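Student: Quick one: the structure is below, and I'll ask about it shortly.
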Amino acid sequence: MILVTGGAGFIGSNFVLDWLAQSDEPVVNLDALTYAGNRANLAALDGDARHVFVHGDIGDRALVDGLLATHRPRAIVHFAAESHVDRSIHGPGAFVKTNVEGTFTLLEAARGFWNTLDGAGKAAFRFHHVSTDEVYGSLKPSDPPFAETNPYEPNSPYSASKAASDHLVRAWHHTYGLPVLTTNCSNNYGPYHFPEKLIPLMIVNALAGKPLPVYGDGRQIRDWLYVKDHCSGIRAVLAGGRVGETYNIGGWNEMANIDIVHTVCALLDELRPDPAGPYARLITHVTDRPGHDRRYAIDARKIERELGWRPAETFATGIRKTVQWYLDNAAWVANVQSGAYQDWIGTHYSAR
Ligand code: NAD
Ligand code: TYD
């Protein structure tokens with residue numbers, strides 16, 4: 001079996017659902033259910049004995065030690081993190097606590113467990129750390145995309161905390177021999193994406209007739225990958241990646257934010273026309289994010305060369321599926337928009 005952390009969040013829940021759709025290998029899912037964790041994402045697994053959900057913190061060493069001793073996983077796939085750049089600007093402490101200290105605790109627990117294994121168990125074990133392309137900093141328009149050899153130049157509290165966690169993972173391999181893998185992926189989008197991030201926020205705001213807040217000139221560029229392609233990339237690296245290596249995962253799809261927003265508006269115009277007029281009328285340029293990285297882009301040739309992985313979706317197919325998913329899952333959206341999420345939106349946007 002495998003231990004997944006953060007498996008009630010956006011990417012983690014997609015990963016767990018996809019994993020159990022393709023294999024009968026059980027998953028122990030450790031998640032603290034912060035504002036970003038949502039048990040409803042895993043509703044399809046209710047009553048499924050292959051999925052054991054544990055409500056708890058990766059920073060709780062006794063809990064993690066107990067889970068490892070009881071379930072004896074052959075791998076840990078580590079998604080749990082604070083993940084939103086805007087939140088990291090307002091409150092960086094939680095990012096250091098979970099992303100840095102939490103990863104440290106998880107690594108120490110993994111090392112303790114790994115040391116109890118016999119030679120074959122030790123060789124087969126994997127600690128797979130899920131990270132981001134944001135650790136590499138910001139690209140100029142003419143720079144080549146991020147390769148695994150790029151220096152780390154994180155610019156936000158979020159990316160700095162993820163960079164720190166990547167460094168810890170690397171050190172636990174070089175110092176203690178823990179068999180680690182790290183993947184650095186570009187911006188994901190798809191089902192179960194919490195509507196504080198660009199794409200789901202634009203969809204749910206548009207449907208509610210609310211402004212679509214575009215930071216600054218909207219010409220910032222990100223590489224966008226459909227979440228299920230990220231999950232298949234992680235599975236490929238977990239299965240065949242070389243221990244101690246990092247693999248960049250991306251969609252070969254650089255787009256400016258404003259073009260993303262126009263694409264979402266055009267799809268909504270087609271699928272759920274608004275009698276009041278085209279959704280693009282709601283686009284509102286707001287104050288830019290402090291320290292906003294201008295461009296991210298991923299060179300995903302290493303994972304393709306070594307493991308034969310390429311994304312299955314184009315942006316056109318992936319974004320259509322995503323917009324349709326939000327139209328079909330209004331109850332999920334209403335659920336996540338209650339409570340803490342509303343408070344956050346109120347504080348964050350009232351000043352803009
Ligand atoms: P998310 O914020 O949607 O989910 C994070 C999950 O971790 C939530 O379920 C939350 O409850 C859980 N969690 C938070 N703190 C925890 C703790 N201390 N102990 C246990 N669980 C905790 O994030 P996401 O977008 O799904 O990202 C998952 C991982 O992938 C993160 O490590 C992130 O850095 C990385 N990543 C995300 C993207 C992206 O575009 N979203 C891109 C590349 C990499
Ligand atoms: P986001 O989804 O927060 O991901 P990240 O900052 O990790 O790349 O933001 C994606 C891009 O969209 C980023 O350049 C910031 C921008 N953005 C907006 O313009 N408006 C918004 O309301 C949000 C949430 C993001």
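The values are calculated or read from the model by the stated rules, or taken from the named source; none is laboratory data. These numbers were taken from a predicted model, which means no experiment stands behind them. Neighbour counts are summed over all protein chains in view; Cβ atoms, including those assigned to glycine, are modelled from backbone coordinates with ideal geometry. What goes into the accessible areas is simple: the full protein's heavy atoms, side chains included, and nothing from ligands, DNA or RNA. Shrake-Rupley method; radii C 1.70, N 1.55, O 1.52, S 1.80 Å.
Student: Only one of TRP252, TRP332, TRP309 is in a helix (DSSP H, G or I) and among the aromatic types (Phe, Trp, Tyr); which?
Tutor: Numbers: TRP252 fails: in a helix (DSSP H, G or I); TRP309 fails: in a helix (DSSP H, G or I).
The match here is TRP332.
Student: I'd like to check something: does the stretch 245-253 contain any residue that is small (Gly, Ala, Ser) and open to solvent by 10 Å² or more (accessible area, probe 1.4 Å)? Break it down stepwise before answering.
Tutor: So the first thing to find is which residues in the stretch 245-253 are small (Gly, Ala, Ser), and the list is 250-251.
After this cut, where a residue has to be open to solvent by 10 Å² or more (accessible area, probe 1.4 Å) as well, the list is 251.
Yes: one or more hits.
To keep it simple, each residue is scored yes or no on (1) open to solvent by less than 70 Å² (accessible area, probe 1.4 Å); (2) part of a helix (DSSP H, G or I).
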{"residue": "VAL261", "(1), (2)": "yes, yes"}
{"residue": "LEU268", "(1), (2)": "yes, yes"}
{"residue": "PRO275", "(1), (2)": "no, no"}
{"residue": "HIS285", "(1), (2)": "no, no"}
{"residue": "HIS292", "(1), (2)": "yes, no"}
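Student: Further, regarding this structure: Of everything in the stretch 47-87, what is among the aromatic types (Phe, Trp, Tyr) and either more than 16 Å from ligand 2 (Cβ to nearest atom) or surrounded by fewer than 19 Cβ atoms within 10 Å (Cβ to Cβ) (or both)? Give them in sequence order.
Tutor: Let us first name the residues in the stretch 47-87 that are among the aromatic types (Phe, Trp, Tyr), namely 53, 79.
Answer for the stretch 47-87, where residues must be among the aromatic types (Phe, Trp, Tyr) and either more than 16 Å from ligand 2 (Cβ to nearest atom) or surrounded by fewer than 19 Cβ atoms within 10 Å (Cβ to Cβ) (or both): just PHE53.
Student: Which count do you get for residues in the stretch 124-143 that are closer than 27 Å to ALA110 by Cβ, over 16 Å from the mean Cα position of the chain (by Cα) and free of Cβ contacts under 8 Å to residues at least 60 places away in the same chain?
Tutor: Final tally of qualifying residues: 3.
Student: Collect the residues in the stretch 205-237 that are within 14 Å of ligand 2 (Cβ to nearest atom), assigned to a helix (DSSP H, G or I) and open to solvent by 10 Å² or more (accessible area, probe 1.4 Å), keeping them in residue-number order.
Tutor: The one that is within 14 Å of ligand 2 (Cβ to nearest atom), assigned to a helix (DSSP H, G or I) and open to solvent by 10 Å² or more (accessible area, probe 1.4 Å): ASN205.
Student: Is it true that some residue in the stretch 273-281 is within 16 Å of ligand 1 (Cβ to nearest atom) and either under 25 Å from ASP18 (Cα atoms) or among the basic types (Lys, Arg) (or both)? Break it down into steps so the answer makes sense when it comes.
Tutor: Initially, the stretch 273-281 is screened for residues within 16 Å of ligand 1 (Cβ to nearest atom), giving none.
No, the stretch 273-281 has no match at all.
Student: Would you be able to say whether some residue in the stretch 161-175 is out of contact with any Cys (no Cβ under 8 Å at 6 or more places or on another chain), charged (D, E, K, R), more than 28 Å from THR105 (Cα to Cα) and within 14 Å of ligand 2 (Cβ to nearest atom)? Break it down into steps so the answer makes sense when it comes.
Tutor: Initial filter on the stretch 161-175 (out of contact with any Cys (no Cβ under 8 Å at 6 or more places or on another chain)): 161-175.
Subsequent filtering for residues that are charged (D, E, K, R) retains 162, 166, 170.
Checking the rest, the ones that are also more than 28 Å from THR105 (Cα to Cα) come to none.
No, that holds for no residue.
Student: Suppose we keep only residues that are within 25 Å of TRP19 (Cα to Cα) and outside any loop (DSSP other than H, G, I, E, B) within the stretch 75-95. Which one would you say is farthest from the chain's Cα centre (by Cα)?
Tutor: If we take residues in the stretch 75-95 being within 25 Å of TRP19 (Cα to Cα) and outside any loop (DSSP other than H, G, I, E, B), then ALA75 is farthest from the chain's Cα centre (by Cα).
Student: Would you check if there is a residue in the stretch 58-72 being in contact with a His (Cβ under 8 Å, 6 or more places away or on another chain) and more than 10 Å from ligand 1 (Cβ to nearest atom)?
Tutor: No: zero hits.
Student: Another question, then. Based on what the data block shows, is LEU181 open to solvent by less than 10 Å² (accessible area, probe 1.4 Å), on the phi < 0 side of the Ramachandran plot and touching a residue at least 60 places away in the same chain (Cβ under 8 Å)? Quick ask: steps written out before the conclusion?
Tutor: On the way: open to solvent by less than 10 Å² (accessible area, probe 1.4 Å): yes; on the phi < 0 side of the Ramachandran plot: yes; touching a residue at least 60 places away in the same chain (Cβ under 8 Å): yes.
So LEU181 fits the description; yes.
Student: Run PHE146 past the list (1) open to solvent by 10 Å² or more (accessible area, probe 1.4 Å); (2) among the aromatic types (Phe, Trp, Tyr); (3) touching a residue at least 60 places away in the same chain (Cβ under 8 Å) and report the number of the one that doesn't hold.
Tutor: Every listed condition holds for PHE146 apart from (1).
Student: Looking only at residues in the stretch 186-204 that are assigned to a helix (DSSP H, G or I), open to solvent by less than 20 Å² (accessible area, probe 1.4 Å) and over 19 Å from PHE15 (Cβ atoms), which one is nearest to ligand 1 (Cβ to nearest atom)? Break it down stepwise before answering.
Tutor: Step one: filter the stretch 186-204 for residues assigned to a helix (DSSP H, G or I), giving 198-204.
Applying the additional criterion that residues be open to solvent by less than 20 Å² (accessible area, probe 1.4 Å) yields 199-204.
If we keep only those that are over 19 Å from PHE15 (Cβ atoms) too, we end up with 201-204.
On the way: LEU201: 13, MET202: 15, ILE203: 15, VAL204: 15 Å.
Applying the filter and picking the extreme gives LEU201.
Student: If you take the residues of the stretch 11-32 that are assigned to a helix (DSSP H, G or I) and open to solvent by 30 Å² or more (accessible area, probe 1.4 Å), which of them is nearest to ligand 2 (Cβ to nearest atom)? Walk me through how you get there before you give the answer.
Tutor: Going residue by residue through the stretch 11-32, those that are assigned to a helix (DSSP H, G or I) are 11-22.
With open to solvent by 30 Å² or more (accessible area, probe 1.4 Å) added as a condition, the list becomes 11, 17, 21-22.
Details: ILE11: 12, LEU17: 21, ALA21: 26, GLN22: 28 Å.
Only one residue fits best here, namely ILE11.
Student: Let me ask another. Go through the stretch 33-46 and give me each residue that's away from ligand 2 (no atom under 16 Å from the Cβ), out of contact with any Asp or Glu (no Cβ under 8 Å at 6 or more places or on another chain) and in a loop (DSSP other than H, G, I, E, B).
Tutor: Passing the criteria: LEU33, ASN38, ASP46.
Student: Here's another thing I want to ask about it. What are the pairs with Cβ atoms under 6 angstrom where one residue, in the stretch 9-37, is over 18 Å from ASP229 (Cβ atoms) and within 13 Å of ligand 1 (Cβ to nearest atom) and the other, located anywhere, is at pLDDT 95 or above and among the polar types (S, T, N, Q)? Sequence gap at least six, or different chains.
Tutor: Once the first residue is over 18 Å from ASP229 (Cβ atoms) and within 13 Å of ligand 1 (Cβ to nearest atom) and sits in the stretch 9-37, its partners that are at pLDDT 95 or above and among the polar types (S, T, N, Q) give LEU30/THR5.
Student: Sticking with this structure for a sec: Go through the stretch 90-132 residue by residue and tally those that are open to solvent by 50 Å² or more (accessible area, probe 1.4 Å), farther than 17 Å from ALA36 by Cα and either in contact with a strand residue (DSSP E or B) (Cβ under 6 Å, 6 or more places away or on another chain) or of a type in the set (Val, Ile, Thr) (or both).
Tutor: The qualifying residues number 1.
Student: Now a separate question. Do we find that TYR176 is closer than 30 Å to ASP274 by Cβ, open to solvent by 10 Å² or more (accessible area, probe 1.4 Å) and of a type in the set (Ser, Thr, Tyr) in this structure? First the steps, then the outcome.
Tutor: Details: closer than 30 Å to ASP274 by Cβ: no; open to solvent by 10 Å² or more (accessible area, probe 1.4 Å): yes; of a type in the set (Ser, Thr, Tyr): yes.
No: the conditions fail for TYR176.
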